[in-house]
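Comments concern the structure below.
The values are calculated or read from the model by the stated rules, or taken from the named source; none is laboratory data. Every value quoted in this text rests on a predicted model; they were computed, and no experiment measured them. Note that we place each Cβ from the backbone using ideal geometry, even for glycine, and neighbour counts take in every protein chain shown.
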Amino acid sequence: MRRTQPAAVARLTAALIALLSMSLPGCTASGPSNAPEADAAAEILEEPVASQPTFINLLPWGKLDFMRGQFPSAGDCNTFVQALPNYSGYTTAERCQQIVDPVYCTAWQDDEGNHLDCFKGVGGCEVELKRHDLLAESGSRTIGARCEVSPLEDAWARFQTDVKAGE
């Protein structure tokens, strides 16, 4: 049985890599080139993927938990949620999702200041609104806007403004 020397293996490997690198471009050049389509595909691939805001979505109605802040990714948000003391792998009151526009927001005011509750769907907003309406009737809350459709970015900015004004 013959043993191969390390230097010989290295030369053989380098020769194979050189051979493959010369033969691969020839395989793709056989058909006609559609330059405009190729340019369009290259532009799509070069565009960075727009990051979508990630917030904690409180179950069961999809309320956005703006109090916890915006997360740079769903992974960061999930890491935070999994570290909460009430987290369970099977049942948890919180989950992370990328939220798409629009969101549905109810603005209200009480003795503590302005508040904004936003939901990823109108159904949750309507459920929450009934709760606010009952409290508003008692005189402790005033509803300023009822389930208004809003871009997520605007709702997040408004929430931050309300929090800063209350401090």
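Odds and ends about this structure:
- For the stretch 61-79, filtered to residues that are in contact (Cβ under 8 Å) with a residue 60 or more places away in the chain and assigned to a loop (DSSP other than H, G, I, E, B), the residue that is farthest from Cys96 (Cα to Cα) is Trp61.
- Only one of the numbered conditions (1) closer than 18 Å to Ile56 by Cα; (2) in contact with a strand residue (DSSP E or B) (Cβ under 7 Å, 6 or more places away or on another chain); (3) modelled with pLDDT of 90 or more is not met by Val149, and that is (1).
- Close pairs from the stretch 114-131: first crowded, with 19+ Cβ neighbours inside 10 Å, partner in a loop (DSSP other than H, G, I, E, B), Cβ under 6 Å, at least 6 apart: Phe119/Gly62; Lys120/Gly62; Lys120/Ile99; Gly124/Trp61; Gly124/Gly62
- Residue check for Tyr87: of a type in the set (Phe, Trp, Tyr) and not in a strand (DSSP E or B): yes
- Boolean, Thr79 is surrounded by fewer than 16 Cβ atoms within 10 Å (Cβ to Cβ) and modelled with pLDDT of 90 or more: yes
- Test result for Val100, under 21 Å from the mean Cα position of the chain (by Cα) and loosely packed, with under 13 Cβ neighbours inside 10 Å: yes
- Selection count, the stretch 131-146, where residues are out of contact with any Cys (no Cβ under 9 Å at 6 or more places or on another chain) and either modelled with pLDDT of 80 or more or within 14 Å of Tyr104 (Cα to Cα) (or both): 3
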